[in-house]
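The values are calculated or read from the model by the stated rules, or taken from the named source; none is laboratory data. The model shown is predicted, which means the values in this text are computed figures rather than measured ones. For neighbour counting, all protein chains shown are included, and Cβ atoms are generated from backbone atoms with ideal geometry for every residue, glycine included.
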Amino acid sequence: MVTSVYFPGRRVLHSWKEISTYTGRGVRTIQRYEVQFGFPVHRPAGSPRSAVLAFSDEIDQWLAGSPTRLVQIAIPARHTEHAARMHSVWLKAKLGTERAHSMTERLLATKALLDRMTESLEKGRARRAKLSTKLEVTQAVFLKQFIPPRVITSRHGLGF
């Protein structure tokens, strides 16, 4: 370990072994911390995985700010079982709510489609009634103009 010329209280650690000795952890642990948690290690330019160096003040700052494992409080097993059951019930209720919401949306879409179809059917019936009335009038006029009334003089209706 060498102290920095520019910062007298800052020590420079030049290898994984020096860094692990300084922190009191193994080399592989420090390498894992670098990858997973952003442990402050510097590498010379052009050396992506070989030489490393670290500064003691940066390590101290990182260690002070890193999260630590929370101490587990002893909880009776029956409470954890109950919590697990309640969580399971909550998940089922949430799933049921999501399904109901989805079904409601589909039903509303179906109702809108049926409303449009009913409206179209009613318009079609109204057009049909209108055309039927026009057809009846047209037939009556045609019959009066082009077909003369029959004169029945004989028994067989031939007019002899």
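Taking first residues from region 10-39 that are in the same structural domain as Gln61 (by TED's automatic domain parsing) and more than 16 Å from Asp60 (Cα to Cα) and partners that are modelled with pLDDT of 90 or more and among the aromatic types (Phe, Trp, Tyr), the Cβ contacts under 7 Å between residues at least 6 apart in sequence or on separate chains come to Val27/Trp16; Gln31/Trp16.
Scanning region 57-72 for residues that are assigned to a helix (DSSP H, G or I) and loosely packed, with under 10 Cβ neighbours inside 10 Å, we see that the one that is modelled with the lowest pLDDT is Gly65. Quick one: which of Thr3, Thr21, Thr29, Thr97 is of a type in the set (Ser, Thr, Tyr) and at pLDDT below 75? Criteria check complete, one pass: Thr3.
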